[in-house]
Amino acid sequence: MAWKIFSNLETEKVDKTEKKLEIKNIKEKVANPKKNINKQETAIKKKTSNNKEDKLYVIPLGGLEEIGKNMTVLQYKDEIMVIDVGLAFPDDELLGIDLVIPDFTYLEKNKDKIKGIALTHGHEDHIGALPYLYNKINRDTPLYGAKLTLALAEAKFERISSSEDVPKREVKARETISIGKYFKVEFIRVTHSIADSFAFAITTPVGIILHTGDFKIDLTPVDGEGVDFHRLSQYGEKGVLLMLSDSTNAEVEGFTKSESKVGESLKQEFEKADGRIIVAAFTSHVHRLQQIVEVARELKRKIAIDGRSMIKVFDIASRLGYLNYAEEILIPMKNVENYNDDEIVILCTGTQGEPLAALSRIAKGMHKHIKVKEKDTVIISATPIPGNEKAVYNNISKLLKYDAEVIYEKVAGIHVSGHGSQEELRLMLNLIRPKYFMPVHGEFKHLKKHRDLAISYGVPKENIIMADNGSKIEVSRQNVKLMGRVPAGETLVDGLGVGDVGNIVLRDRQNLAQDGIVIVVLTIAKSGELMAGPDIITRGFVYARESEAMIKETTEIVKQELKRCESEGIKEWAALKSSVKEVAGNYFYEKTNRKPVILPIIMEVQNNNRKEL
Ligand SMILES: [Zn+2]
Ligand SMILES: [Zn+2]
């Protein structure tokens, strides 16, 4: 099936003006031929230069070929607007890393051009890296978003700084804001797993760019705020030059179920439980939290919340009116024992098996207040994000060992996705009918599937842009093409350090984790003579007490090597260290097939200190 792509109104307008100009020129030419040739030339020159400059650049800095850290830059002439500034969580290979944020080099270099940042919604993968970005750009860059989104963003800043000096502007549905001279952004309501989720229709000098944000098409949304089909189709009718659309569920057939269905399943599970109910959910999934509160209220259970982040979201969302409940339904965790088991719901974090989250601590029996009992029902109201499956199933197995009832997505409808499946993606394509299309928000397989959907639905293959992070995409009225790259990738955050853990540090961490470390301490006199040692200390390599012989032999090998160095006149510490590393490394590998990190430490002493050693 193919559709007519509506012509872009902006283009039509320009065409008409050009025609008028031509007619005017012809008329004037007849009246005064010489003068008007010049005029015509100027007009043509003007037209060409306009065309040349009429290019918009779309630069994704995150969210492509990955899940997380969504971020898109739009640039026209010397002005930039940014859509979302998200973070990602590290996978197993990034040892010790807390967060992953986009590479901001391009924005740092062009910080004076940034006219504003607009947020589609309040999920971590869209707002989580904001405080890190604001540390690199002008702090008076305005931040636009809906009420809940801005409140959650503000809370993110508290992680490392404050957002007091950042100008924030709250935007409502159907409101249009101007970012710089060239971008007019209308916020169009969509449905997702958090309230205040928006698509952006961005009117630019080259045409309309529509960014769907994260969306599903939920016809029975929990908060009654549905997708603004009218506005979306109005833009479709007007003519959208380029659409960027959420690809997360492009592989899933059919429609994603409505969030309100989860409420029904939760109620069924709650009714079956005779003991305590422990529910793990995403803190940012405000609609889900509302449903849990609702069911608890109906079944006359009190809720005890575990985890600071969960308490914070309850505070923000209820203060702003996005979460509604009577204050007395919440009880402090320490008061749980004062109630019967069937009067309690414990709400906690840890749906992804995060080692420090409440559910993992509960599963390991290491939680301060909660010990799992036989009649407890544990509900994990989320699916594992790809990569987290092992950790999640580990928790489930541990919980099952306590003989608790464990309910997770595979066994019941206690979770639905916040992202649209194939039919919803088709519907969006059909409403908007963009001239050009760019799948975003997903791994490569998702983007590719979304591209195929668009092709099967009438967008010509050559009008689809398959970009990756850092691609610089040039968009004009007539053409879209990849035009080089800007720096993009991952910046790793570990504790207070941002970007200071690079490949070398990571490789060390991986080596240390795999085979441990051996420290060889050498005390050497100024003359180069070995005065004491080598002392060998190992951690995570072999159990020293059981490997005394090997350690002793290592000492001998190192001594011999130092003698060899001395006889050959090698005195530089760097050379000595690398020789020690090599001989010890070879020996360990031969004996154990392991490659520990070897760290020679040389201490220099004056010759006359010998006796004291
Ligand atoms: Zn989202
Ligand atoms: Zn997202």
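The values are calculated or read from the model by the stated rules, or taken from the named source; none is laboratory data. Model, not experiment: these values are computed from the prediction. Here the Cβ is made from the backbone with ideal geometry for all residues, glycine too, and neighbour counts use every protein chain on show.
The table below gives the values:
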read-out: Filter result (more than 16 Å from ligand 1 (Cβ to nearest atom) and either outside any loop (DSSP other than H, G, I, E, B) or of a type outside the set (D, E, K, R) (or both)) within region 131-150; value: Pro131, Tyr132, Leu133, Tyr134, Asn135, Ile137, Asn138, Thr141, Pro142, Leu143, Tyr144, Lys147
read-out: Answer residue from region 89-107, given it is aliphatic (A, V, I, L, M) and in contact with a helix residue (DSSP H, G or I) (Cβ under 6 Å, 6 or more places away or on another chain) and is modelled with the lowest pLDDT among those; value: Leu95
read-out: Total residues in region 103-130, condition buried (at least 23 other Cβ atoms within 10 Å of the Cβ) and away from ligand 1 (no atom under 16 Å from the Cβ); value: 3
read-out: Residue check, Arg169 away from ligand 1 (no atom under 16 Å from the Cβ) and assigned to a loop (DSSP other than H, G, I, E, B); value: no
read-out: Which listed residue is crowded, with 23+ Cβ neighbours inside 10 Å and more than 16 Å from ligand 1 (Cβ to nearest atom), from Met71, Met81; value: Met81
read-out: Those residues of region 487-507 which are in a strand (DSSP E or B) and either modelled with pLDDT of 80 or more or crowded, with 18+ Cβ neighbours inside 10 Å (or both), in sequence order; value: Glu490, Thr491, Leu492, Val493, Asp494, Val498
read-out: Meets criteria (surrounded by 19 or more Cβ atoms within 10 Å (Cβ to Cβ), touching a residue at least 24 places away in the same chain (Cβ under 8 Å) and among the small types (Gly, Ala, Ser)) for Ser260; value: no
read-out: Close pairs (6 angstrom Cβ cut-off, 6 or more residues apart or separate chains): part of a strand (DSSP E or B) in region 53-81, of a type in the set (Ser, Thr, Tyr) and modelled with pLDDT of 95 or more anywhere; value: Leu56/Tyr76; Leu56/Thr204; Pro60/Thr72; Gln75/Tyr57; Tyr76/Tyr182; Tyr76/Thr204; Glu79/Tyr182
read-out: Output for region 92-148, where each listed residue is away from ligand 2 (no atom under 16 Å from the Cβ), among the small types (Gly, Ala, Ser) and closer than 30 Å to Pro355 by Cβ; value: Gly96
read-out: Output for region 444-467, where each listed residue is modelled with pLDDT of 95 or more and of a type in the set (Asp, Glu); value: Asp452
read-out: Region 408-429: number of residues that are more than 16 Å from ligand 1 (Cβ to nearest atom), surrounded by fewer than 22 Cβ atoms within 10 Å (Cβ to Cβ) and at pLDDT 95 or above; value: 4
read-out: From Glu154, Glu164, Glu170, residue being within 22 Å of the chain's Cα centre (by Cα) and either closer than 20 Å to Leu74 by Cα or away from ligand 2 (no atom under 16 Å from the Cβ) (or both); value: Glu154
read-out: Strands (runs of 3 or more DSSP E) completely within region 194-259 that count 3 or more residues being within 16 Å of ligand 1 (Cβ to nearest atom) and not charged (D, E, K, R); value: 197-204
read-out: Residue list for region 130-176, restricted to those being polar (S, T, N, Q), closer than 23 Å to Asp103 by Cα and in contact with a strand residue (DSSP E or B) (Cβ under 9 Å, 6 or more places away or on another chain); value: Asn135, Asn138, Thr141, Thr149, Ser163
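Okay, residues lined up against (1) in contact with a helix residue (DSSP H, G or I) (Cβ under 9 Å, 6 or more places away or on another chain); (2) more than 29 Å from Arg507 (Cα to Cα); (3) of a type outside the set (Ser, Thr, Tyr); (4) not in a helix (DSSP H, G or I):
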| site | (1), (2), (3), (4) |
| --- | --- |
| Ile519 | no, no, yes, yes |
| Met531 | yes, yes, yes, yes |
| Phe541 | yes, no, yes, yes |
| Arg545 | no, no, yes, no |
| Thr555 | no, no, no, no |
| Ala574 | no, no, yes, no |
| Val580 | yes, no, yes, no |
| Arg594 | yes, no, yes, yes |
| Leu599 | yes, no, yes, yes |
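Table: residues versus (1) closer than 24 Å to Ile396 by Cα; (2) surrounded by 22 or more Cβ atoms within 10 Å (Cβ to Cβ); (3) within 16 Å of ligand 1 (Cβ to nearest atom).
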position: Thr283; (1), (2), (3): yes, yes, yes
position: Gln290; (1), (2), (3): no, no, no
position: Arg297; (1), (2), (3): no, no, no
position: Lys300; (1), (2), (3): no, no, no
position: Leu320; (1), (2), (3): no, no, no
position: Leu323; (1), (2), (3): no, no, no
position: Glu327; (1), (2), (3): no, no, no
position: Met333; (1), (2), (3): yes, no, no
